1. Which of the residues belonging to segment 241-261 are acidic (Asp, Glu) and farther than 27 Å from residue 47 by Cα?
2. Here's a check for you: in segment 289-310, which residue that is under 28 Å from residue 230 (Cβ atoms) and among the hydrophobic types (A, V, I, L, M, F, W, C) is surrounded by the fewest Cβ atoms within 10 Å (Cβ to Cβ)?
3. Hey, residue 115 hits all of (1) among the polar types (S, T, N, Q); (2) more than 14 Å from the chain's Cα centre (by Cα); (3) closer than 22 Å to residue 33 by Cα but one; which does it fall short on?
4. Here is a check on your reading of the model: is residue 178 acidic (Asp, Glu), surrounded by fewer than 19 Cβ atoms within 10 Å (Cβ to Cβ) and over 17 Å from residue 65 (Cβ atoms)?
5. Of 173, 252, which residue is modelled with pLDDT of 95 or more and surrounded by fewer than 16 Cβ atoms within 10 Å (Cβ to Cβ)?
6. Checking the conditions here, which among 163, 232 is more than 30 Å from residue 7 (Cβ to Cβ) and surrounded by fewer than 21 Cβ atoms within 10 Å (Cβ to Cβ)?
7. For segment 204-240, name all the residues that are small (Gly, Ala, Ser) and over 30 Å from residue 337 (Cα atoms).
8. Of the residues that sit in segment 328-345 and are more than 20 Å from residue 394 (Cβ to Cβ) and touching a residue at least 60 places away in the same chain (Cβ under 8 Å), which one is surrounded by the most Cβ atoms within 10 Å (Cβ to Cβ)?
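The values are calculated or read from the model by the stated rules, or taken from the named source; none is laboratory data. Owing to the predicted nature of the structure, the values given are computational and were not obtained by experimental measurement. Here Cβ is always computed from backbone atoms with ideal geometry, including for glycine, and neighbour counts include all displayed protein chains.
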Amino acid sequence: MSLNPIGIAVPFFFGLLAVEWWLARGRGLRLHRMNDALANLTCGLGDQLIGLFVGGLTLGLYMVTEANLGLFALAIDSPVVWIFGIFAVDFLYYCFHRFAHRVGIGWATHVVHHQSEDYNFAVALRQPWFTQLYAWLFYIPLALLGLPWEIYAASYAFNLIYQFWIHTELIGKLGPVEWVMNTPSHHRVHHGINDPYIDKNYAGVFIIWDRLLGTFEEEDERVLFGTRKPLQNWNPWTANTEPLLDLWRRSKATPDPGDKKRVWWAPPEWTAEGEQPGAGCPPPGRGYDRDIGPGVHTYALGQLGVLVVLMTVLLTFEAYIPLAPKVLASFFIMWTGVTWGGLFEQRRWAPSAEWIRLGTLVAVGFFLSTLGPDFVVVGYGIAAIAITSALALWRCRDDLVVRVS
């Protein structure tokens with residue numbers, strides 16, 4: 001049976017996030033905010049959902065390249081080839097990551113991961129939606145070399161999963177490990193907007209690439225997290241599209257034909273003639289924390305539990321789920337995420353959108369139950385969850401404060 005390791009890891013990610021919250025609370029630290037955490041998680045959900053439809057294509061392109069253009073027949077059962085694969089994938093991740101910070105279009109698609117002003121395990125799950133459309137190009141040299149696609153896929157998954165634990169403030173420096181491995185201390189620097197920390201520590205698993213290539217910086221002052229142009233929004237759609245729209249607006253506004261193209265490929269700090277230079281550190285607009293009543297926090301946690309189960313099943317068994325259910329489940333999950341953002345931003349449309357979402361879910365559940373004996377339990381189960389959720393939302397209706405349009 002072919003199972004997606006990312007799907008298997010999802011419950012563990014959320015379990016560790018709960019442990020981190022509990023430990024931070026025990027130490028009297030406020031490292032998590034519900035509004036920010038849910039925005040992080042919905043960005044990550046969107047990334048994984050896009051991967052359901054794009055991931056197979058990009059892996060297929062790797063497989064075709066390896067099979068037809070690979071220079072060497074590297075043995076899949078060789079430990080040396082596996083070790084090479086892990087290090088090679090990590091080095092090419094470093095190359096991709098550096099590109100994503102130093103090229104305008106790369107930063108516009110990657111910046112999503114840096115928008116949170118907190119630093120915790122939820123930030124690890126705040127993944128951009130559009131980098132996967134081109135990131136695979138950085139790994140094609142391994143296919144041309146002949147690295148088996150199984151080793152590439154496993155090494156890539158390991159690289160991604162490894163980076164989860166380094167997104168925390170609870171773990172300090174780790175002694176000699178810091179010389180070789182990427183650690184929470186090194187990655188805190190990477191997420192910092194302090195002047196010495198900008199564009200440092202691109203490593204995925206091994207910090208050696210940064211040390212060798214001159215992009216390493218030690219953590220020696222308190223890290224200020226976020227971006228120099230704060231987002232001030234909890235909407236995952238806005239988080240992923242606004243940086244690209246900003247590039248488009250800049251390109252359209254500049255009169256010089258060369259600058260219109262240069263905006264997309266120049267470093268993010270570059271400015272065209274007549275543009276204002278980027279904000280300094282700390283930037284204006286930090287500290288965005290629009291929130292809603294605590295009753296909705298509890299409600300959202302319950303809904304998050306449902307989505308964790310759904311995402312785990314959807315990702316783990318993606319190879320066996322037909323296209324139509326994938327599309328419908330993905331639409332429902334993103335509807336939920338966008339509505340969450342609207343609720344916490346106290347948008348006027350958000351409560352209605354949530355009631356409609358729950359009503360739609362009840363209707364879908366009852367419809368499924370009419371399709372035959374195989375769907376009765378699933379259909380009634382979905383309807384029951386939606387009705388229970390509606391009752392919970394009704395109980396906290398006084399917290400559904402609407403303050404902005």
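1. Answer for segment 241-261, where residues must be acidic (Asp, Glu) and farther than 27 Å from residue 47 by Cα: 256, 259.
2. 301
3. (2)
4. For residue 178, the condition - acidic (Asp, Glu), surrounded by fewer than 19 Cβ atoms within 10 Å (Cβ to Cβ) and over 17 Å from residue 65 (Cβ atoms) - is met.
5. Result: 173 is the single residue among 173, 252 that is modelled with pLDDT of 95 or more and surrounded by fewer than 16 Cβ atoms within 10 Å (Cβ to Cβ).
6. One residue alone meets the criteria, 232.
7. First pass over segment 204-240, keeping only residues small (Gly, Ala, Ser): 204, 214, 226, 239.
Listed by number, the list holds a single entry, 214.
8. 337
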